[in-house]
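Just so you know, all these numbers are worked out from the coordinates, no wet-lab data involved. Given the structure is predicted, the values throughout are model-derived calculations rather than measurements. Cβ coordinates were reconstructed from backbone atoms using ideal geometry, including for glycine residues, and neighbour counts include every protein chain displayed.
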Amino acid sequence: MLSHQLQTDISAVASALKKNLAAALTGASENFSSECRAIVSQYGQGPKPKEPEVYQAALLYLKGRIGEDVEYLYGLVSFGLYLPIESAGNQCIAADHRKLEVLLNRYRYEANRGQLWEMTWFGVLQAYYHPPLRFSEQDILLRFLKETYPKIAATTGYQPLWMKVLENNPGLLSREPSRAFAEEWLAGREDPLRLISAALQISAPSWFWQELTRTCIKLAADKPDDDFKVLIPKLLALIERMPRFLDEDLGAVLTRYSQCSDKSPHEELRNFAIRHWKNPKLRHVPGSKWGQVREPVWQMVLEWFNDDNLRLFFERIAARYGNGSERLSSWLRYLSWIRLVSDYETNNQKLKDPEITNLFEAEEEALEIFDEARDEKLDAFMRRMNDYLLSS
């Protein structure tokens, strides 16, 4: 493993080569030129230390066993702040705020003296973007990063890609690092942020992307109704991709839609909600997600759901008996509580008709099926009016 001094020396050599590459390679063989370019490129991108080395360094630090003879291991610990240490009960350094602060104070001291390896600082940055980051740790890490970055930038002989990204996007060192990119993302321009996240090695599960999702939802919700509706497919794609807070995010989109002057059914939003929260008729069943939105929001989706199923019922099922279409308009006035009753023949029809299959799947536990009534033609919708049940 490289000593800290050797790492510093190699960084200096790489910096000198990068600054004087053209002159240094004049008359050199093509192989030698290629090797030199590879070395500069390697350090310019800032590769991570190997995980076994990082794990060993984190283990020794957590147990207080990094002695003077291996002080260079401190430089690797930043990449293991969230590694669970098996022999320490799967504890990680970041969970022990005292040890975390002691380590960061050491890094501060080195940064002030111009001795902190830039890759050690980059390790802290990656810890800041770690997926399950808690607010208490976020404060500690962000304070360190903002205090020391100017010193790191001033003393580094060359700029790796991640450092150039930070120079051009200072908002990345903040509590809302993706805010500046939300409007661009909603407009369909995703590549700039994807390149930035790749340079900073921000993983897909990172809270960074969840913060982007919520920022996009807030921005879209503040727009006029028509503009908001246009953005719904983009919002749903984001929620699907970052599902950690799917219920809260979906609830926010549904609530905003319920505030539109035109609340006519939105097919994609309805299907997304039913796919994840199931049948809205089951709002009061234990474990139902529909209790997470206010009743008017739930009522809106329930009516969408019943409207779709009613039309299918009268157009496809009741048509077998040569009636139904003239009664559809009457039933569409009673969308708040409707329950489907199905007979044996219709149960068989679902095996051959994908639309009927989808209806059965959507109705789930709200469906009444009479398999034993093979000679009965009983297909009906029931609705509740006060204390009475009406059917058709």
Kindly rank 115-121, 254-260, 86-92 from highest to lowest mean number of other beta carbons found within 10 Å of each residue. 115-121, 254-260, 86-92
Going highest first, how would you order 188-199, 49-60 by mean Cβ packing within 10 Å? 49-60, 188-199
Going down the list Lys99/Lys218; Lys151/Lys234; Lys146/Lys289; Lys218/Lys263, which pairs span over 29 Å between their C-alpha atoms? Lys99/Lys218; Lys151/Lys234; Lys146/Lys289
Rg and Dmax [Cα atoms of the stretch 116-176; Å; Rg one decimal, Dmax integer]: 11.4, 34
By the scheme Lys and Arg +1, Asp and Glu -1, what is the net charge of all other residues having a beta-carbon under 12 Å from that of Ser261? -1
Counted charge near Ala153, where neighbours are those whose Cβ lies closer than 14 Å (Asp, Glu -1; Lys, Arg +1): 0
Given the C-alpha centroids of the stretch 61-113 and the stretch 206-253, what is the distance between them in whole angstrom? 37
Along the stretch 69-86, Karplus-curve 3J(HN,Hα) (6.51, -1.76, 1.60; θ = phi - 60°) to the nearest Hz, with x for Gly and Pro, reads 6, 10, 4, 4, 5, 4, x, 8, 4, 4, 7, x, 5, 10, 6, x, 9, 4
Phi to ³J(HN,Hα) by Karplus 6.51 cos²θ - 1.76 cosθ + 1.60 over the stretch 243-248, Hz, x for Gly, Pro: x, 4, 10, 4, 4, 5
Using amide H atoms built in the peptide plane, which far-off residues or other-chain residues are under 5 Å from Ser288 H to H? none
Final fewest-first order of Asp307, Asp225 on the 10 Å Cβ neighbour count is Asp225, Asp307
Which of Ile66, Ile202 has the fewest Cβ neighbours within 10 Å, and the rest in rising order: Ile66, Ile202
Give me the net charge of Val124's neighbourhood, meaning all other residues with Cβ under 15 Å from the Cβ of Val124; Lys, Arg count +1, Asp, Glu -1. +1
Which far-off residues, 5 or more places away or on another chain, put their amide H under 5 Å from the one on Ile85, with H placed in the peptide plane? Asn90, Gln91, Cys92
